Amino acid sequence: MPTEDSKPVDESIRRLIDRWVTSGEIASKDYQPTMTSTNSVAGQWVQSHRDKDSSTSPGSTLVIGLPRLVIADVQTQGRGRLGRTWDAQSDGLAFSIVMKGCHELLSIAVGVAIAEAIEHVAAPVRCGLKWPNDVWMSGVKVAGTLIERFDSSVADRDHSTPVAVIGIGINVGSSPTLEDAEATSVQEATGKWVTRAALLEELVPALIEQVTRCESDSGGVLDAFRRRCVLTGEMIRCSIDGQSVEGRCEGINEHGEMRVRTIAGESVCRSGEVNRVRRV
């Protein structure tokens, strides 16, 4: 009986990735039937090239390989934010893309790209975005991201650029059963048959475009997020300067940080967990 590792990869996705490599849309790839975590595998690749570059010339082999797509049909030890696991379904998408730069709006841009890709493939449908990086459909989570930053080679400090490993998990066909939260999938939320390949084909170019747009049109990225922000106007609880704070979400500012109106005035949440406050 074949093991997971011996199973062939999805041929439609393989052809798609090969086309991107040929056209130069992505510079390198790693597609396997099974991985522990695409972010972990991608991070190991970054680390190995960074170490190699730091001991040689400033001509970076790391940068030459970017953008790099790391993808698996099955992810066995997926990682989410705040130490959580990502329960990847075999009919879902789990991949990481490694890109140069780490703009302050990167998380915002990634959420927008995922939402727009789902909306295009499953139209007519509208996705919501829960700050900082969750995508919602039908009022619950359908996708999440994990972004990890790596400093690039120390061989050329004057021209060094950070590298971002952007991990994305999307429930496409079915959704996991979670103990502490609800989840849905694209197909469950829309009743439409959506393939993994169709969604990936839409998402990867959109992701590269939105990340690039952070520099050229940050206002457009912010506006696209604001139109979909599910927390704006809601009472929320978050952590600010190490203190738990409750207040009304006023949306995001120009840095992508969440504005919170409290009884003491407006505060800014820059990172961490944010939850709606349910009144009884």
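Rule-based calculations on the coordinates, nothing more; no lab input. Computed from a predicted structure; not experimentally measured. Backbone-built Cβ (ideal geometry, glycine too); neighbour counts: all protein chains shown.
Summary of computed values
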item	result
Anisotropy class of the range 230-280 from Cα gyration tensor, a/c 1.5 cut	rounded
Length gained when the stretch Ser90-Thr161 is fully extended (0.36 nm per residue, less Cα-Cα span)	22.1 nm
Distance between modelled label sites at Glu11 and Ile64, nm, 7 Å Cα→Cβ extension	3.4 nm
The range 120-266: Rg to Rh, with Rh as the Kirkwood radius over Cα pairs	1.01
Cα shape, the range 86-135, gyration tensor, a/c 1.5 rule	oblate
Proximal charge balance of Arg126 [Cβ under 13 Å; K/R count +1, D/E count -1]	0
Summed side-chain charge close to Gly251 - residues other than Gly251 whose Cβ falls under 12 Å, Lys, Arg +1, Asp, Glu -1	0
Linear extension gain, His255 paired with Thr195, 0.36 nm per residue minus alpha-carbon span	18.1 nm
